[in-house]
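Following: one structure in structure tokens, then a few remarks.
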Amino acid sequence: MSAILLEEGLVHYEAFGRGKPVVFLHGWLGSWRYWVPVMEDLSDTYRSYALDLWGFGDSEKPAHGYHIQGYVQQVGQFLDGLGIAQASFVGHSLGGVVALHLALTQAPRVEKLVLVATPVQGTALSGFLRLLLGPLRHVAGPRRWFDLWTRSLKRASAPWAEMYDEIVDDAVKADHEAIRQSLEGLLELDLSGALGRLYAPTLVVYGSRDEFVDPRQATLFADGNVATAQVVVLGGCRHFPFLEDPARFNRLLKEFLASEIGQPVVVKEEWRRRYHPTEYLKSAGGSA
């Protein structure tokens with residue numbers, strides 16, 4: 001177990017491999033641990049870092065800082081502490097929002113950006129998540145949020161069943177205020193107007209059956225709306241495509257990271273799936 005002392009306390013992280021740095025940021029209720037299969041696959045050519053955000057996993061549970069800007073500050077201090085001037089970032093859900101903020105506000109630090117199941121607008125979060133902080137706030141606490149998250153995790157568990165208990169054990173460590181405040185921050189989010197200022201080469205990945213984040217967020221990046229972005233919607237995947245279909249996800253990630261900066265990345269036809277709302281509606285109804 002590795003840790004680094006920052007202003008707000010200890011940050012737990014793990015590092016695999018050797019090569020150019022890639023930083024992995026977990027999502028809401030997540031931890032560094034669910035990135036292990038991806039990090040292992042990259043270890044021959046990249047130095048991968050995965051940290052626990054404040055309030056999650058084995059990192060400090062401070063009295064404050066559980067908002068997007070607080071996490072951006074944490075990641076910036078983490079990079080400074082390890083002497084990393086620039087890295088590629090892979091962020092999932094909440095971690096994707098943090099990575100996107102970093103790319104928009106500290107562009108020189110971000111070589112490449114990979115956003116997985118990332119909400120750009122709070123309205124893209126599932127209606128039930130919004131209810132948990134609205135009408136159901138006083139009858140559904142952190143236990144209910146945790147149950148919802150673990151049910152989603154179980155649906156994706158087949159390829160990595162041996163890791164399920166460890167990932168859940170890490171999730172249980174999450175601070176209740178971190179769970180609530182970080183979700184509130186996501187619900188208030190709207191970065192759609194800032195996407196035109198995204199200069200880092202960006203790969204955007206959604207699962208077509210994501211039950212937490214509406215994959216129609218892909219349209220905000222697609223069809224030239226963000227010149228530096230490529231969008232891939234993985235058919236049949238839900239909220240955790242890197243765990244549900246690691247072979248496809250890892251291959252796509254490695255091809256993107258290996259591409260030349262400033263050159264258009266050619267996404268193989270087998271990965272390319274043009275996004276249409278009708279496709280989402282069909283798959284959300286149960287079709288593959």
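Against the conditions (1) touching a strand residue (DSSP E or B) at 6+ places or on another chain (Cβ under 8 Å); (2) farther than 17 Å from W35 by Cβ; (3) in contact (Cβ under 8 Å) with a residue 60 or more places away in the chain, where does H92 fall short? Just the number, please.
In the conditions (1) touching a strand residue (DSSP E or B) at 6+ places or on another chain (Cβ under 8 Å); (2) farther than 17 Å from W35 by Cβ; (3) in contact (Cβ under 8 Å) with a residue 60 or more places away in the chain, H92 misses (2) alone.
May I ask you to verify whether S287 is polar (S, T, N, Q) and either modelled with pLDDT of 90 or more or under 13 Å from T118 (Cβ atoms) (or both)?
no
Yes or no: V266 in contact with a Ser or Thr (Cβ under 9 Å, 6 or more places away or on another chain), under 18 Å from K112 (Cβ atoms) and at pLDDT below 90?
It is true that V266 is in contact with a Ser or Thr (Cβ under 9 Å, 6 or more places away or on another chain), under 18 Å from K112 (Cβ atoms) and at pLDDT below 90.
Tell me the strands (runs of 3 or more DSSP E) entirely within the stretch 1-75 that contain at least 2 residues that are modelled with pLDDT of 95 or more, crowded, with 21+ Cβ neighbours inside 10 Å and among the aromatic types (F, W, Y).
Strands (runs of 3 or more DSSP E) meeting the threshold: 46-51.
In this structure, is G122 modelled with pLDDT of 95 or more, crowded, with 16+ Cβ neighbours inside 10 Å and within 20 Å of A178 (Cα to Cα)?
No, not satisfied.
Give the number of residues within the stretch 1-60 that are under 25 Å from S259 (Cα atoms) and among the charged types (D, E, K, R).
Of the residues in the stretch 1-60, 6 are under 25 Å from S259 (Cα atoms) and among the charged types (D, E, K, R).
Take the stretch 142-193 and flag every residue that is in contact with a His (Cβ under 9 Å, 6 or more places away or on another chain), closer than 30 Å to A229 by Cβ and at pLDDT 70 or above.
Scanning the stretch 142-193 gives Q181, S182, E184, G185, L191.
Kindly provide the set of residues from the stretch 196-213 that are part of a loop (DSSP other than H, G, I, E, B), surrounded by 19 or more Cβ atoms within 10 Å (Cβ to Cβ) and not aromatic (F, W, Y), ordered by number.
L198, A200, P201, S208, R209, D210
Going by the conditions given, is A85 touching a Leu at 6+ places or on another chain (Cβ under 9 Å), modelled with pLDDT of 95 or more, in a loop (DSSP other than H, G, I, E, B) and more than 23 Å from D170 (Cβ to Cβ)?
Against the criterion (touching a Leu at 6+ places or on another chain (Cβ under 9 Å), modelled with pLDDT of 95 or more, in a loop (DSSP other than H, G, I, E, B) and more than 23 Å from D170 (Cβ to Cβ)), A85 qualifies.
From the residues in the stretch 66-93 that are under 16 Å from the mean Cα position of the chain (by Cα) and β-branched (V, I, T), which one is nearest to R18 (Cα to Cα)?
Per the stated criteria, the residue is V90.
Restricting to the stretch 225-244, and then to whatever is part of a loop (DSSP other than H, G, I, E, B) and crowded, with 20+ Cβ neighbours inside 10 Å, can you tell me which residue is farthest from the chain's Cα centre (by Cα)?
C237
Determine the pairs where a residue that is buried (at least 17 other Cβ atoms within 10 Å of the Cβ), located within the stretch 167-195, has a partner that is charged (D, E, K, R) with Cβ atoms under 6 Å apart, the partner being 6 or more residues away or on another chain.
From residues that are buried (at least 17 other Cβ atoms within 10 Å of the Cβ), the pairs are I167/R33; D170/R33; D175/K61.
The values are calculated or read from the model by the stated rules, or taken from the named source; none is laboratory data. Being a predicted model, the structure only gives us computed values, none of them experimental. Ideal geometry is used to build each Cβ from the backbone, glycine not excepted, and the neighbour counts take in all protein chains shown.
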